[in-house]
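Below: one structure, written as structure tokens.
Please treat every number below as a calculation from the coordinates, not as lab data. Model, not experiment: these values are computed from the prediction. Note that each Cβ is placed from the backbone with ideal geometry, even for glycine, and that neighbours are counted across all protein chains shown.
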Amino acid sequence: MEQFITSWLGSTPAFAIPLALASMGLVLCERAGVLNMGAEGYMALGAMTAAVLTLTLGNPAIGIIAAVIAGAALALIFGFAVVIMRCEQILAGLATMAVGLGVAGVVGRPYVHKSFEGLQPLDIPLLDQIPLLGRLLFNQDILVYLTVLIGFGLWFLLERTRAGLKIRAVGEDPASADVAGVQVQLQQLMAITASGALCGLAGAYLSVASSSVWVDNMIAGRGWIALALVVFARWDPLKALAGAFLFGAIEALLPRLQAIGVPAPIYLMNMLPYLFTIAVLLVAAWSGSKKGVEPAALGKPYVRQDRH
Amino acid sequence: MRNPITLSTLSLAVSLTASSVLMANVAQAKPFQLEGEPKIAFIYGATARDGGWNEAIDNARQIVADELGYPIAVAESIPEDASALKNAIDLYVQRGFNIIVGTTYGYSDGIAQAAEKYPNVAFVNASGTTNADNLESFYARTYEAWYLAGIAAGGVAEGDKLGMLAGFPVSVVNWDINSFARGAQVSNPDASVSVLYTNSWWDPVKEGQAAKSLLEQGADVIANNLSSAAPFTEAEKADKYSVGFQLDMSANAPKGHLTSVAFHWDKYLVPTIKAIAEGTWEPSEYGAFPGLAEGVVDITPLPDSVPEAVKQTIAEKRAAIIAGELTPFDGPVLAQDGTEKLPVGESLSDEQLWAMDYLVQGTVGGGQ
């Protein structure tokens, strides 16, 4: 039993980290008032870029960095469309998603199903032998620790800094922010680019760390789960991080329950991650303060001339 | 959708029965006559280089091109909704293509409509459920080869525990699991197969974790009914054996790969397309269902890690299946909980195979 729990918790990041990174990126983007539906596409592009470069250069670090850049670049195109050209955000987001999925499929084609040596866990002696939590806390790759840092960093940025205040102001009331001297377009572009970078990193984690292989369509809807997580986390990066870990923990539990032969219907079991996450986050939302509700200007293109 | 098989066992079974009932009334008049020179189009539901299902068909396409020399056009990632497929077929027919090869279960209805609209065009569809005077669906008796793979797995495993991961609990998946388990029991009567459905056709993250979970529970062999490389990587890391499906997966596990249950669709497509071209093609009203005997599915060569005696057994059973003396589902067939599904002395009919919604004794888990 102890062994079971240790390895279950130790495998949780494989499922949780991609969701955590993507949903935190989307939190940032939505706090700046931009509804970004492209996550699935940035993640696909990131997963492919990281895998292809790791396969060709043999170095996951270069692949991961390139995936971040690729995600950011694709997001910048989306940003140009919605911030500069003021396109409808949902349509532009879906279009970017299609571009990401398509480019990933075409460019990655020769590299599909080729496994490689991916990102390895850090080797921390002794501590990783601690029962139950040892493998979760001390036998993970560097990106797991980085993700947690990003979560707290993002929370600090949004809640405790002037830069964060500007981002939130833009998401709540861009006209007032503009009057106060905040460069609305610049804030939104930066938030969009950062969200693309985080989604690219999330994709890279799936291919380079979680599975060490790239397959077309391997994001498998995780971008959409991340998008839903943003709402359930009430636009709070730390709640998004916690929600992703909860979801990941249950996803990691499912194959283990099946492997020991728990006689439960699998379709029912496969609902569990969704049910649990919704339940816990709903309770958190009800019991928490009224702070951190949906950004008022979310999804509305800001046109300076319309200011009133 | 990448894989031909969708979730609904029910609709598969129902449409199969329905089509057999409907088709029984259609008099098989005479062989299908093609107009003009053969021009072939392959329509894939996903990318042709998917490392699994579509790639196996695409490999066969290249053999068809080499052996028969007819022009072949290829369309990839044509969605399964009827309108997308209809457009693709309309365009090909307008350009004079008269043999259309579909590659997924999801095309079943769309291709049946097209076959009615273009009676002079020949259609075949992999893992489809619809048939007509100019349309034949085909799938392979994959369970025959999985039975042999099971014998190999049971023969090399140190303990009694084997693990198998699969997509969804549908009949075409269940019969692979069941025959693998029954094969394993041939070489080790105590063998048990832990069954794990990932609820997805292509998710390397889930597949890798599934394999890892099975290995943690002490499985000596990982049989992968899906096509990603991740389970093989996990098995290699744990120094355990693995069994692949659809293509030869040995490159993914150079040390532990036992065998792969591989498709050789050319063994069906070459003679079928030849028959169409020669005017002797008579599509089966139940669809084509070839197996080991036709060479459409088989195991890849066994490595030295398989003991000579086990190899001998496999060779004998393989010969017996090809000769029609043995099927992997000769009675008694007992379900996981011990209820009798088939008495001694009988073997499962095709209809019973397509309705297989249970796992057999010797499997663990896979609750449905």
Take the alpha-carbon centre of the range B:226-248, take the same for the range B:332-361, and report the distance between them in whole Å. 28
How do A:190-196, B:142-148, B:335-341 rank on mean C-beta neighbours within 10 Å, highest first? B:142-148, A:190-196, B:335-341
Surface/4 of the Cα convex hull for the range B:85-129, nm²: 2.6
Rounded to a whole number, what is D in µm²/s for the range A:238-303 from Stokes-Einstein with the Kirkwood radius over alpha-carbon pairs (10 °C, 1.306 mPa s)? 111
Whole-Å distance linking the alpha carbon centroid of the range A:64-78 with that of the range B:145-162 is 46
Report the one residue of B:A145, B:A293, B:M164 whose Cα lies farthest in the direction of the positive end of the charge dipole of chain B (charges on C-beta: Lys and Arg +1, Asp and Glu -1; origin at the Cα centre). B:M164
As a Kirkwood estimate from alpha-carbon pairs, the range B:187-258 has a hydrodynamic radius in angstrom of 12.1
Percent relative contact order of chain A, based on C-alpha pairs within less than 8 angstrom and at least six residues apart? 38
Report the percentage of all Cα-Cα pairs in the range A:88-227 whose separation exceeds 20 Å, rounded to a whole percent. 63
Please report the net charge: other residues with Cβ closer than 11 Å to the Cβ of B:Q352, K and R +1, D and E -1. -3
Which helices, counted as full DSSP H runs in chain A, have an axial Cα extent of no less than 24 Å and a Kyte-Doolittle average of 1.0 or above? A:39-57, A:60-79, A:89-108, A:142-160, A:184-204, A:237-259
Thinking of the range B:118-191 as a set of Cα atoms, what percent of all their pairs are more than 16 Å apart? 58
Which whole number gives the average count of other chain Cβ atoms within 10 Å of the Cβ atoms across peptide A:8-14? 2
Counting partner chain Cβ atoms within 10 Å of every residue's Cβ in B:49-62, what's the average? 2
Once all Cα-Cα distances of chain A are split into 20 Å bins that start at 0, what whole-number percent is in each one? 34, 56, 10, 0
Please list the radius of gyration and Dmax for the protein assembly as shown, considering alpha-carbon atoms only, with Å as the unit. 26.9, 87
Mean Cβ neighbour count within 10 Å, used as a protection proxy, ranking B:53-66, A:174-187 highest first: B:53-66, A:174-187
Return P(r) of the range A:63-132 (all Cα-Cα pairs; 10 Å bins starting at 0; whole %; ordered from short to long distances). 16, 31, 22, 17, 12, 2
Given 20 °C and 1.002 mPa s, how large is the Stokes-Einstein diffusion coefficient of the range B:18-176 in µm²/s, with Rh as the Kirkwood radius over Cα pairs? 122
Which whole-number percent of Cα pairs in the range B:200-306 have a distance greater than 17 Å? 59
Amide H contacts under 5 Å for A:Q140, placed H, 5+ residues apart: A:L122
Rounded to the nearest whole number, the per residue volume of the convex hull around the C-alpha atoms of the range B:170-226 in Å³ is 73
Which of A:G93, A:G153, A:G46 moves most in a GNM of chain A, Cα contacts under 10 Å? A:G153
Quick one: compute a quarter of the convex hull surface over the Cα atoms of the range A:1-118 and quote it in nm². 8.9
Classify the range B:278-358 from the C-alpha gyration tensor, please: rounded if a/c falls under 1.5, else prolate or oblate depending on whether a/b exceeds b/c. oblate
Counting partner chain Cβ atoms within 10 Å of every residue's Cβ in A:267-273, what's the average? 2
Computed for the protein assembly as shown: size of charge dipole around the Cα centre, +1 on C-beta of each Lys and Arg, -1 on C-beta of each Asp and Glu, debye to nearest 20, value 2680
In chain B, if the dipole is taken from +1 on Lys/Arg beta carbons and -1 on Asp/Glu beta carbons about the Cα centre, which of B:M249, B:A46, B:S192 is farthest to the positive end? B:A46
What is the Rg over Rh value, at two decimals, for chain B, using alpha-carbon atoms and the Kirkwood definition of Rh? 0.97
Could you work out which residue, out of A:L229, A:L157, A:L257, moves most in a Gaussian network model of chain A, that is, has the largest mean-square fluctuation with Cα springs under 10 Å? A:L257
Quick one: dipole size for the range B:239-305, taken about the Cα centre, charges +1 on Lys/Arg Cβ and -1 on Asp/Glu Cβ, in debye to the nearest 20. 240
What order do you get for B:32-45, A:207-220, A:18-31, B:278-291 when each peptide is scored by the mean count of other beta carbon atoms within 10 Å, highest first? A:18-31, A:207-220, B:32-45, B:278-291
Treating only Lys and Arg (+1) and Asp and Glu (-1) as charged, each at its beta carbon, one finds that the range B:195-342 has a dipole about its Cα centre, in Debye to the nearest 20, of 280
In the neighborhood of A:P263, defined by Cβ-to-Cβ distances under 15 Å, what is the net charge if each Lys or Arg adds +1 and each Asp or Glu adds -1? 0
Based on the alpha-carbon gyration tensor of the range B:233-368 and its eigenvalue square roots a ≥ b ≥ c, which shape applies: rounded if a/c is under 1.5, prolate if not and a/b is larger than b/c, or oblate? oblate
How big is the Cα convex hull of the range A:157-308 in projection, averaged over all directions, in nm²? 12.0
At 37 °C and a viscosity of 0.692 mPa s, what translational diffusion coefficient does Stokes-Einstein give for the range A:195-243, taking Rh as the Kirkwood radius over Cα pairs? Give it in µm²/s as a whole number. 281
The answer for B:A73, listing residues at least 5 apart or on another chain whose modeled amide H is closer than 5 Å to its amide H, is B:I40, B:A41, B:F42
Mean Cα-pair separation over length for chain B, i.e. relative contact order, pairs under 8 Å, 6 or more apart, %: 19
Enter the Cα centre distance for the pair the range B:270-316 and the range A:91-157, rounded to the nearest angstrom. 42
Sum of side-chain charges, A:A22 neighbourhood, beta-carbon under 12 Å (Lys, Arg +1; Asp, Glu -1): 0
When a/c is below 1.5 the answer is rounded, else prolate if a/b is larger than b/c, else oblate, so apply that to the range A:1-65 with a ≥ b ≥ c taken from the square roots of the Cα gyration tensor eigenvalues. oblate
Three principal axis extents, largest first, for the C-alpha atoms of the range A:147-238, in Å? 49, 23, 21
